[in-house]
Structure formats: structure tokens, C-alpha cells
Amino acid sequence: MNLDFSPQELQFRDEVRAWIKEAFDPGLKALMARTKNGYLDKEGQVRWQKKLFERGWAAPNWPEEYGGPGWSPAQRYLFQAETAAAGCPTVSPMGLKMVAPVIMKYGTPAQKARFLPPILRSDIWWCQGYSEPNSGSDLASLQMRAERGNDAHGEHYILNGSKIWTTHAQWADWMFCLVRTSRDARRQDGISFVLVDMRTPGITVAPLPTLDGPVEGQQEVNQVFFEDVRVPVENRIGEEGLGWTYAKYLLEFERGGSYGPMLRQQLAKVARIAEKEPGEDGARLLDDPGFRRKLAELHMRAAALEASELRLFSNVSSGTSIGAASSMLKLVGTETIQAISELAVEAAGPYALPFVQDGWGELQGRATGPKVGPDYAAPLAPRYFNYRKASIYAGSNEIQRNIIAKLVLGL
Ligand SMILES: Cc1cc2nc3c(=O)[nH]c(=O)nc-3n(C[C@H](O)[C@H](O)[C@H](O)COP(=O)(O)OP(=O)(O)OC[C@H]3O[C@@H](n4cnc5c(N)ncnc54)[C@H](O)[C@@H]3O)c2cc1C
């Protein structure tokens, strides 16, 4: 088996590298230095995504007919590896990677024409309205009511209830939302998938604080309240009552991202910190056998995951998902990123923690105390706390284990 890249693929890699050098400008780099989770504030995020759009690279996983670049699996991998290695921002997944494939597969021609072009241009921001206060892992128990009506303005649903843990709802123009349109049927059959304009009267977005502390421009999760919110029936995707099918299809894309290149980049960062920081005996931490063993184990986990990703992704063409195998990648990817963020804190030692408050203030130009360590340590503690979420969102890792047992191992 020949695992080398062809000369054309290497030429493509160089093209990506050259583009990143230009596009990933000092302003974006400064924002990335502060990020706790790979995302920027909305303005920075949109600026980056629009640069990708202008180059024709906004949606590597979309089929060409909708504006995808028509890359081979090797090109998609190289693009991801290069952007991760350079520390570029993560693309917001809700529009481009999550709702877009559902609209492509189940939307009407009118819905495709209305939503796909502005998603590709990053002109509209999306949020995901799945979880409710009492419906997370057991999502099919969701209660948000959608009563159907008809008046002079046309057929519509009236939504009442609330969604929770809604990432970046405060920035969103649209929400893709699961609602209950029938209580008579089996729980899964009474759910519909609707697209809600976030400017509709009756919607309130309330921020929820997180463990990593408040950081300007980086509010992450919210609760969204709906009081008599009117949604035209034409905004429903597919058939009424079949929303569960579309919702599960979307989750394959939410969980089916690749982690390998990002893990390698994070491990390289940990090694750089350990190169600078002395251990207890004053020697370089990187030379400590115990630390080296931990680092090597994580490298092996990341390499094994990347090999699985390459195997799985090389079998699917653009616009398709890897199915239930996405649960394996989500499980191993998130556990490894958590372990790396933990090792990073260990490597930075006492510098990591005091920067939770003062470091962020310092980086935002409003220092509240003396600087206690180098800048590279500033985002480490917030990042460590932030990544505790990774084994919960997109379906908790316990739920992923259940899915793997049932659908991958057939137990
Ligand atoms: C940072 C973050 C961002 C998020 N963003 C969004 C978003 O944008 N949109 C959205 O809709 N949701 C979002 N979520 C919600 C996320 O999908 C849910 O938190 C998740 O599905 C778990 O649901 P829950 O919080 O209600 O926990 P619960 O379902 O109450 O689970 C509690 C615990 O019990 C375990 N458990 C539950 N059932 C089982 C079972 N059958 N077998 C074994 N263990 C079980 C779980 O693993 C967990 O440890 C986000 C969550 C986080 C943390």
C-alpha cells in the first residue's frame, strides 16, 4: 500500500500553505491567541469564513453542484491538516456542516435556493435548537409545542417552549429546530424539523455562564425562550412528523468531523511549552521520562484516530456522511482533546491557573493584576475547563458508547 501523496497532491498542499500565509492575517492570529475553543468572536469568525468563500474553499464537504470545491478525500484531508497545523480558526459548523446537508437531502428546491447560497457565503449565522431543559440524551422526549394554524397570512405553526445549551444563539439569524407537532403518535413520530427566523417576535435569548469564566466576545451557550412564535409552514423541512429522521441524519455530520490534525497541532503546542518549562529538578520538562511517556501515549492515540479517520473518510464522497461510525470518532476525539488540554495545564504548571482571570484581562487590554507568567499560558486553564464540554455536546460520550454497541458492533 502506497501512503505517499502524489506530486499533484503535494502541489495542492503548497497552494493551501501559500494561501494561509496571506489569508490568516495578524488580526485573525491575535484573536486566535485568545481563543479558548478554536472559535473567534462573530466578526472575526465571519471575516475568516468569507475569506474561505472568496477562495472557493468555504465548504470542502459540499458536492460541487452546490458550490463545493470538488476535492478528492486526499485534498480534503490535506486542507484540514494544513489549516490545523497553522492554527487557523475552526469554521462554525451549524450552517455549513450541519443544516446544509439536511437541506440538500430533504429540502425543497425553493428551500435550497433560499438557504444554501447565503450559508456558503457565511451571510447567515445558524444555531441548533435540539436540547430542552428536560430532554438532552433522551431527545425524543422533547416537548416544545408547535400548533398548526391558518389565517390571512397563510399556514403556520405557533411555537411555545424553550431550548437550552444553544451555542451562539445570541449571534444567530436562524435556528434549525425540533418541535412536537403531534402527541398522538410514537414519541419519535410526532417531531418536525423547522427553520426559525431568530428575529421573529416572541423569541428571547438568555446567556448561560460556563465553567471557563466570562470572556468578552466568547459567550458560548444560551437558553432560548419561545412565546407564541409564528413560523410559516413553508419553513418546515420534509414531512410533518418525520423530523426525527432528519435530526438523526444531521447528527452524523455533527459527530463526523475529523480530529486528527487538530490533535497533532495541540500536542505540538504542549511539547513547545514543556521545552520551555523546567521540571522539579530544574531540567527541561520535555526530558522528564514520565512526561515524555504521557506525551507519547497521546501521540499514539491521536495517530490511531487519524488512521481510522482516513480509512473512513476515504470511502465516502463529498456530501455524504460516514453514518454511525461517526460516534467512534466523536468518542475518541473528544476524550483525547480533553487529555491533551489536561497535559497542557500540567506542562505550564503554576502559570496555567492564575491566568484564568488576570490573563484574559491582560490579553483584552484590561489587566486586573500583575502578570504572573508568559502569554502562552493564558488560554490554557480556560481551554481545559472549556473542553470538559466535549464529552457532553453532540450527544454525551455515554450515549455514543450505546450507539456504537448497537449500530457499529451489533450488540
Ligand atoms: C458546550 C455545550 C454546547 C451545546 N450546544 C448545543 C446546541 O447548540 N444545541 C443543542 O440542541 N444542544 C446543545 N448542547 C446540549 C447537549 O447536546 C446535551 O447537553 C447532551 O445531549 C446531554 O444532555 P443533558 O445535558 O440533558 O444531560 P442528560 O441527558 O440529563 O445526561 C446526564 C448524564 O446522564 C448520562 N446518561 C443519560 N442517558 C444515558 C443512557 N441512556 N445511558 C448512559 N448514560 C446516560 C449522560 O451521559 C450524562 O452523563 C450543548 C451542550 C454543551 C455542554
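Within region 125-140, does at least one residue satisfy the condition of being away from the ligand (no atom under 16 Å from the Cβ) and either within 21 Å of Gly256 (Cα to Cα) or among the aliphatic types (A, V, I, L, M) (or both)?
No, the conditions are met nowhere in region 125-140.
Just to be sure I understand, how many residues within region 134-145 are under 21 Å from the mean Cα position of the chain (by Cα), under 21 Å from Pro207 (Cα atoms) and either of a type outside the set (Ser, Thr, Tyr) or in a loop (DSSP other than H, G, I, E, B) (or both)?
Within region 134-145, residues that are under 21 Å from the mean Cα position of the chain (by Cα), under 21 Å from Pro207 (Cα atoms) and either of a type outside the set (Ser, Thr, Tyr) or in a loop (DSSP other than H, G, I, E, B) (or both) number 1.
Within region 322-344, can you find the residues that are modelled with pLDDT of 90 or more and of a type in the set (A, V, I, L, M)?
Within region 322-344, Met328, Leu329, Leu331, Val332, Ile337, Ala339, Ile340, Leu343, Ala344 qualify.
Restricting to region 113-131, name every residue that is part of a helix (DSSP H, G or I) and surrounded by fewer than 17 Cβ atoms within 10 Å (Cβ to Cβ).
Answer for region 113-131, where residues must be part of a helix (DSSP H, G or I) and surrounded by fewer than 17 Cβ atoms within 10 Å (Cβ to Cβ): Ala113, Arg114, Pro117, Pro118.
Check whether at least one residue in region 20-37 is under 21 Å from Arg311 (Cα atoms), charged (D, E, K, R) and surrounded by 15 or more Cβ atoms within 10 Å (Cβ to Cβ), and report yes or no. Show your work before the answer.
Residues of region 20-37 under 21 Å from Arg311 (Cα atoms): none.
No, there is no match, as no residue in region 20-37 is under 21 Å from Arg311 (Cα atoms), charged (D, E, K, R) and surrounded by 15 or more Cβ atoms within 10 Å (Cβ to Cβ).
Within the bounds of region 163-180, is there any residue that is more than 28 Å from Phe313 (Cα to Cα), surrounded by fewer than 18 Cβ atoms within 10 Å (Cβ to Cβ) and either not aliphatic (A, V, I, L, M) or not assigned by TED's automatic domain parsing to the domain that holds Asn386 (or both)?
Within region 163-180, one or more residues are more than 28 Å from Phe313 (Cα to Cα), surrounded by fewer than 18 Cβ atoms within 10 Å (Cβ to Cβ) and either not aliphatic (A, V, I, L, M) or not assigned by TED's automatic domain parsing to the domain that holds Asn386 (or both).
What's the number of the condition Thr181 fails, among (1) modelled with pLDDT of 95 or more; (2) under 23 Å from the mean Cα position of the chain (by Cα)?
(2)
Check whether at least one residue in region 38-57 is within 16 Å of the ligand (Cβ to nearest atom) and either of a type in the set (Ser, Thr, Tyr) or within 20 Å of Arg264 (Cβ to Cβ) (or both), and report yes or no.
Start the filter on region 38-57 by keeping residues that are within 16 Å of the ligand (Cβ to nearest atom), which leaves 38-39, 42, 45.
Within this subset, residues satisfying the condition of being either of a type in the set (Ser, Thr, Tyr) or within 20 Å of Arg264 (Cβ to Cβ) (or both) are 38-39.
So far as region 38-57 goes, yes, one or more of its residues are within 16 Å of the ligand (Cβ to nearest atom) and either of a type in the set (Ser, Thr, Tyr) or within 20 Å of Arg264 (Cβ to Cβ) (or both).
Restricting attention to region 285-315, report how many residues are aliphatic (A, V, I, L, M), closer than 30 Å to Ala247 by Cβ and in contact (Cβ under 8 Å) with a residue 60 or more places away in the chain.
Total meeting the criteria: 1.
Against the condition touching a Pro at 6+ places or on another chain (Cβ under 8 Å) and among the hydrophobic types (A, V, I, L, M, F, W, C), how does Leu285 come out, does it pass?
Details: touching a Pro at 6+ places or on another chain (Cβ under 8 Å): yes; among the hydrophobic types (A, V, I, L, M, F, W, C): yes.
So Leu285 fits the description; yes.
Quick check on region 373-402: of everything there that is aliphatic (A, V, I, L, M) and near the ligand (Cβ under 10 Å from one of its atoms), which residue is surrounded by the most Cβ atoms within 10 Å (Cβ to Cβ)?
Ala394
Under 9 Å between Cβ atoms, which residue pairs at least 6 apart in sequence (or on different chains) link something in region 140-169 that is without any contact (Cβ under 8 Å) to a residue 24 or more places away in the chain with a partner that is part of a strand (DSSP E or B) and within 16 Å of the ligand (Cβ to nearest atom)?
Close Cβ pairs satisfying both conditions: Glu147/Leu159.
Within region 201-223, how many residues turn out to be in a loop (DSSP other than H, G, I, E, B), within 22 Å of Gly136 (Cα to Cα) and modelled with pLDDT of 95 or more?
Of the residues in region 201-223, the ones in a loop (DSSP other than H, G, I, E, B) are 201-202, 209-220.
Adding the requirement that they be within 22 Å of Gly136 (Cα to Cα) leaves 209-212, 219-220.
Checking the rest, the ones that are also modelled with pLDDT of 95 or more come to none.
Residues in region 201-223 being in a loop (DSSP other than H, G, I, E, B), within 22 Å of Gly136 (Cα to Cα) and modelled with pLDDT of 95 or more: 0 in total.
Only one of (1) in a loop (DSSP other than H, G, I, E, B); (2) touching a residue at least 60 places away in the same chain (Cβ under 8 Å); (3) under 27 Å from Gly149 (Cα atoms) is not met by Trp244, so which one is it?
Of everything listed in (1) in a loop (DSSP other than H, G, I, E, B); (2) touching a residue at least 60 places away in the same chain (Cβ under 8 Å); (3) under 27 Å from Gly149 (Cα atoms), Trp244 misses just condition (1).
When you scan region 186-199, do you find a residue that is farther than 25 Å from Glu43 by Cβ and under 19 Å from the mean Cα position of the chain (by Cα), even just one?
no
Test Asp4 against the criterion of being assigned to a loop (DSSP other than H, G, I, E, B) and over 20 Å from Leu120 (Cα atoms), and give yes or no.
Judged against the criteria, Asp4 is a match.
Name the one entry in Ala303, Ala307, Ala274, Ala296 that is surrounded by 21 or more Cβ atoms within 10 Å (Cβ to Cβ) and in a helix (DSSP H, G or I).
Result of the check over Ala303, Ala307, Ala274, Ala296: Ala274.
Given the conditions (1) in contact with a helix residue (DSSP H, G or I) (Cβ under 7 Å, 6 or more places away or on another chain); (2) assigned by TED's automatic domain parsing to the domain that holds Ala152; (3) of a type in the set (S, T, N, Q), and given that Gln218 satisfies all but one, which numbered condition is not satisfied?
Answer for Gln218: the failing condition is (1).
Somewhere in region 186-200, is a residue of a type in the set (Gly, Ala, Ser) and in a loop (DSSP other than H, G, I, E, B)?
No - not one qualifying residue is present in region 186-200.
Looking only at region 206-244, count how many residues are more than 20 Å from Tyr39 (Cα to Cα) and either over 24 Å from the mean Cα position of the chain (by Cα) or crowded, with 19+ Cβ neighbours inside 10 Å (or both).
Summing the residues that are more than 20 Å from Tyr39 (Cα to Cα) and either over 24 Å from the mean Cα position of the chain (by Cα) or crowded, with 19+ Cβ neighbours inside 10 Å (or both) in region 206-244 gives 20.
Run down Arg148, Arg183 and say which single residue is basic (Lys, Arg), assigned to a strand (DSSP E or B) and either more than 15 Å from the ligand (Cβ to nearest atom) or buried (at least 19 other Cβ atoms within 10 Å of the Cβ) (or both).
One residue alone meets the criteria, Arg148.
The values are calculated or read from the model by the stated rules, or taken from the named source; none is laboratory data. Being a predicted model, the structure only gives us computed values, none of them experimental. Positions of Cβ are backbone-derived with ideal geometry, glycine not excepted, and every protein chain shown enters the neighbour counts.
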